[in-house]
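Below is one structure, written out as structure tokens, with a few remarks after it.
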Amino acid sequence: MRAELQLIFSSLAFFWLLILTFLFWKQYSHYRKLTKGVSSGDFKKVLEQHLENLGLVSQKVQELVKRCDSFDLQLPAFIQKFGLVRFNPYKEVGGDQSFSLAFLDKDGNGIVVSALHSRESTRIYAKPVVRAKEAKYQFSEEEKEAIEVAVKSKG
């Protein structure tokens with residue numbers, strides 16, 4: 001009975017030692033990866049360099065945050081919505097080669113460009129849009145439709 005207990009305890013101690021050895025080598029290999037190329041006296045310098053790099057990264061992140069904030073302020077002025085309508089202005093000739101294209105910002109300001117295509121020529125017109133309404137020049141039905149498509153688009 002005593003020999004059997006010794007065998008059981010010896011087996012348990014062996015497996016426990018095996019597990020501890022595995023865990024030690026796992027930690028040791030992790031430590032070696034962290035200190036790769038560093039001699040014993042340079043570890044403090046490596047840590048100081050990492051802290052310095054961390055400070056530089058933090059500074060760059062702050063700069064990026066400032067740039068993003070400035071973009072947020074400018075964003076309403078960027079063109080965000082588009083509307084395209086193709087049409088045939090001359091019912092007796094051709095297909096839908098002409099178009100009206102509206103470019104609008106968040107508030108509905110921008111331009112509408114129309115191109116009237118015929119066999120002989122193409123005429124291009126640009127008109128300002130203020131709050132999705134005509135500002136100075138009267139809009140055609142196709143231009144109004146392009147603006148309406150742009151206003152309804154998600155941008």
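Only the coordinates and a few stated rules stand behind these numbers; no lab work does. None of these values were measured; they are calculated from a predicted model. Positions of Cβ are generated from backbone atoms using ideal geometry, with glycine treated the same way; all protein chains shown enter the neighbour counts.
Past 18 Å, Cα to Cα, is the threshold; run K91/K136; K106/K152; K81/K152 against it and keep the listed order. Table pairs above 18 Å Cα-Cα are K91/K136. Estimated translational diffusion coefficient (Stokes-Einstein, Kirkwood radius over Cα pairs, 20 °C, 1.002 mPa s) of the chain: 94 µm² per second.
Partner lysines whose Cα lies under 30 Å from the Cα of K45, excluding those fewer than 8 positions away in the same chain, are identified as K26, K33, K36, K60. Close amide H pairs (under 5 Å, H built 1.01 Å from N) link S98 with F87, H117, residues at least 5 positions away or on another chain. Look at the dipole of segment 78-152 built from charges on Cβ: of L101, Q80, H117, the Cα furthest out on the positive end belongs to Q80.
Of the chymotrypsin sites (Phe, Trp or Tyr not before Pro) found in segment 55-94, the ones in coil according to DSSP and having at most 14 other Cβ atoms within 10 Å of their Cβ are F78, Y90. At most 12 other Cβ atoms within 10 Å and a DSSP loop assignment: could you name the trypsin sites (Lys or Arg not before Pro) in segment 1-92 that fit? Here the trypsin sites (Lys or Arg not before Pro) that fit, given the DSSP loop and packing criteria, are K36, K91.
DSSP loop GluC sites (Glu not before Pro) in segment 63-155 with at most 10 other Cβ atoms within 10 Å of their Cβ, which ones? Sites meeting the loop and neighbour criteria: E92, E120. Using only side-chain charges placed at the Cβ, +1 for Lys and Arg and -1 for Asp and Glu, the dipole size of segment 29-146 relative to its Cα centre rounds to 540 debye.
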